[in-house]
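The structure under discussion appears below in the form of structure tokens.
The values are calculated or read from the model by the stated rules, or taken from the named source; none is laboratory data. Bear in mind that the values here come from a model prediction, so they are computed numbers and not experimental data. Every residue, glycine among them, receives a Cβ derived from its backbone with ideal geometry; neighbour counts consider all protein chains shown.
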Amino acid sequence: MFNNKKFVIIGILFLVILGMFFTHVGALSPYTWGCAVHHLPYHYNDGHYANVDFFLLSSLVKYFYEPGFINFKEVSATEWSFFCFILSVGLGITRSYALSTYTINILFLLALIIAVVNLLRKLNLSYKVIFISCLFILFVPFFNHYLGQSLHYLTSVSITFLVLICLIALNLKNERSGAIYGSLLGIITINYDWYIWYAAATCYFLFYYKLDSFKKYLVFSLVPCVLWMYCISSTGTAPEHFRTLSVLLHDVVPPWAHYFNNPAKDVIFPFIVSQVGLVVAFKMLTSYIYWPLLIFIGFYISDIKSTVKNHIFSKLIILIFLFNLFFILVLLPFEWENNPRRAIPLIFVFLSALIYSINKAWSSKNPRIKKTVLALLILSFILSFSDTFFQNPTVPVMEMGETIRTPPKFLLDINKLRLNVQSIPNLPVNGPLKMSLYPKATMNKEYIPKYVLSQLIFSGCLYLLFRFLVSLELLPKYTQFIYLIIYIFSLMKRFL
């Protein structure tokens, strides 16, 4: 699976990940100091600082840490559950929130990069193209700026990307088992913001990639979600697994229902909504994928027909794009938050297109084209680390929902600020990392059955993901067994 070139590439990329982490950890993370820029509170976390959303994780983490009651109506989103489960495993060993979240983020980003390297080799890309492509991925603001944040975003998105990578690898093997694909997609249904991914994959299997049994796919893919909803509802509180979608629909349904009730009254309503959606979509996309990269991709993507013809999984990527675009154009204009993380599926799509474009460009005999690729890589590096190199908050702040909701010229005002207390008086500053011990777990016999079922759902899905990755030669052998040893050790250490 590994040879010397792979070891060198992965070793260098791991060092890059560590560099990203130490320059964006805790108070250095844009998602933390961005709160100060927008005059929002932030949260203290074991000597470091985190985004204020961090405290929303605590009750859900405790639910996975030890048997007990939780009122799910008070939990902001159970779609964070997968990360909270993984965090509880880390807490069982380290007893430190900060240390656990940092370690988990680094390991899952490393796993994602290793899987990308191995998948691209299966697609016969050269090591130079693979290395450059992985650097571009790491310099995407989302990965660089969220790595040192004690929240679920990076790990949850890495899990979803790993599932998609497995799906593509199975396509390359011409696997047609509905049960296998269903088991794989079921992992997404208990993860963060899963609707678009699942809808696109289901349409892909229904219309383009025929399985031996579509019914088996549906059954296997929905089992984790159904079991998790049972765990939630069995506590005596309402199922909250669809809260993000339900809140969004609460804002979206009334204006569209009013339009369809009498379309003649406001004929151009769909155009106005889509116009607003396009503006929001562009701001979201360019906050994660720098616009020079979009131009570069556009130059090479014109020949996409040959790629779609040669690789059936390209249709899946197109479906993800279309579903996310529909989501943004039709639904997001009415959402109050307009958080750019709603465009995360577009990150996957455009990174796929970027890798395709880099491979096409690198195969050119014109040395200027290769120099252009390297120039874009350097530009991405400088922009992603502009807060570190120049103490300039502008580029990272573009990723925040608060910025998306402001006029474009707001960035000119932000560009006048610098990341120091003279410019931003309430700027958070990291102190020494403190190992404040999380308490030992207790056994509440009344809730043990529900606790065991929840553990089986999430530990089983994570084991299944690692097993898929190993069997497809995307991660090193025995990764799933290493995970099982860590998980069992965490259970023993927290209870004994």
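Tabulated data for the structure shown
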read-out: Matching entry among Leu383, Leu412 (being loosely packed, with under 13 Cβ neighbours inside 10 Å and not in a loop (DSSP other than H, G, I, E, B)); value: Leu412
read-out: Index of the failed condition, Ser150 passing every other in (1) farther than 25 Å from Tyr42 by Cβ; (2) part of a loop (DSSP other than H, G, I, E, B); (3) touching a residue at least 24 places away in the same chain (Cβ under 8 Å); value: (1)
read-out: Failed item, numbered, when Arg121 is tested on (1) under 28 Å from Met229 (Cα atoms); (2) of a type outside the set (A, V, I, L, M); (3) assigned to a helix (DSSP H, G or I); value: (1)
read-out: Segments classed as helices (runs of 4 or more DSSP H), wholly inside the stretch 1-77, with at least 2 members that are among the hydroxyl-bearing types (Ser, Thr, Tyr) and surrounded by 17 or more Cβ atoms within 10 Å (Cβ to Cβ); value: 30-37, 58-65
read-out: Yes/no for Leu374 being surrounded by fewer than 17 Cβ atoms within 10 Å (Cβ to Cβ) and touching a Ser or Thr at 6+ places or on another chain (Cβ under 6 Å); value: no
read-out: Tally, over the stretch 95-114, of residues that are surrounded by fewer than 22 Cβ atoms within 10 Å (Cβ to Cβ), over 15 Å from the mean Cα position of the chain (by Cα), assigned to a helix (DSSP H, G or I) and in contact (Cβ under 8 Å) with a residue 60 or more places away in the chain; value: 1
read-out: Contacts under 6 angstrom Cβ, first residue in the stretch 39-50 being modelled with pLDDT of 80 or more, partner among the small types (Gly, Ala, Ser) and assigned to a strand (DSSP E or B), 6 or more apart; value: none
read-out: The stretch 455-496 - residue that is in a helix (DSSP H, G or I) and among the basic types (Lys, Arg) and, of those, farthest from Lys6 (Cα to Cα); value: Arg494
read-out: Given (1) touching a residue at least 60 places away in the same chain (Cβ under 8 Å); (2) on the phi < 0 side of the Ramachandran plot, number of the condition Phe326 does not satisfy; value: (1)
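The rows are residues; the columns are (1) aromatic (Phe, Trp, Tyr); (2) modelled with pLDDT of 90 or more; (3) on the phi > 0 side of the Ramachandran plot; (4) buried (at least 21 other Cβ atoms within 10 Å of the Cβ).
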{"residue": "Pro333", "(1), (2), (3), (4)": "no, no, no, yes"}
{"residue": "Arg341", "(1), (2), (3), (4)": "no, no, no, no"}
{"residue": "Ile358", "(1), (2), (3), (4)": "no, yes, no, yes"}
{"residue": "Asn366", "(1), (2), (3), (4)": "no, no, no, no"}
{"residue": "Ile369", "(1), (2), (3), (4)": "no, yes, no, no"}
{"residue": "Gly401", "(1), (2), (3), (4)": "no, no, no, no"}
